[in-house]
Amino acid sequence: QVQLVESGGGLVQPGGSLRLSCAASGSIFRNYDMGWYRQAPGKQRELVATIYSDGIPNYVESVKGRFFISRGDVKNTVVLQMNSLKPDDTAVYYCNFGMRGMDYWGKGTLVTVSS
């Protein structure tokens, strides 16, 4: 089992920045992917960004150039730096951990972009 703890959500004005962090603990093997999904009210959950076990990132088109995903300084963590935030970025953001064909999810953290 893998447990995920997210942090860093909140309220920010348009054009502002937020940093989300996710820490994984439990039975973790060497190769795994970590990423972030989001779900806005009335919409389906969508992939925001993923960083694969080889370090290569992948982003949804709408956040390219504004969001940056990286492995954290602490082992088994991932960070999502979100810049130039827009009201359309408002959603609950979920950390995702993929390992050996299994997916694990965090409880989600709310990001609200509003003036």
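Yes or no: residue 70 open to solvent by 20 Å² or more (accessible area, probe 1.4 Å) and not in a strand (DSSP E or B)? Against the criterion (open to solvent by 20 Å² or more (accessible area, probe 1.4 Å) and not in a strand (DSSP E or B)), residue 70 does not qualify.
Filtering segment 94-110 to residues that are in a strand (DSSP E or B), of a type outside the set (Phe, Trp, Tyr) and either modelled with pLDDT of 95 or more or surrounded by 15 or more Cβ atoms within 10 Å (Cβ to Cβ) (or both) leaves 95, 96, 98, 99, 109, 110.
Please go through segment 49-67 and give me each residue that is within 19 Å of residue 29 (Cα to Cα) and in a loop (DSSP other than H, G, I, E, B), ordered by number. Within segment 49-67, 52, 53, 54, 55, 56 qualify. Just one of the numbered conditions (1) touching a helix residue (DSSP H, G or I) at 6+ places or on another chain (Cβ under 9 Å); (2) open to solvent by less than 60 Å² (accessible area, probe 1.4 Å); (3) without any contact (Cβ under 8 Å) to a residue 60 or more places away in the chain is not true of residue 51: (1).
Kindly indicate whether any position in segment 6-27 is free of Cβ contacts under 8 Å to residues at least 40 places away in the same chain and exposed (fewer than 14 other Cβ atoms within 10 Å of the Cβ). Scanning segment 6-27, I find at least one residue that is free of Cβ contacts under 8 Å to residues at least 40 places away in the same chain and exposed (fewer than 14 other Cβ atoms within 10 Å of the Cβ), so the answer is yes.
Among the candidates 113, 79, 63, the residue that is open to solvent by less than 20 Å² (accessible area, probe 1.4 Å), farther than 22 Å from residue 5 by Cβ and in contact with a Ser or Thr (Cβ under 7 Å, 6 or more places away or on another chain) is uniquely 113.
The values are calculated or read from the model by the stated rules, or taken from the named source; none is laboratory data. For clarity, every value in this text was computed on a predicted model and none was experimentally measured. Methodologically, a virtual Cβ is constructed for each residue, glycine included, from the backbone with ideal geometry; neighbour enumeration extends over all protein chains shown. Note: areas computed on protein heavy atoms with side chains; ligands, DNA, RNA excluded. Shrake-Rupley method; radii C 1.70, N 1.55, O 1.52, S 1.80 Å.
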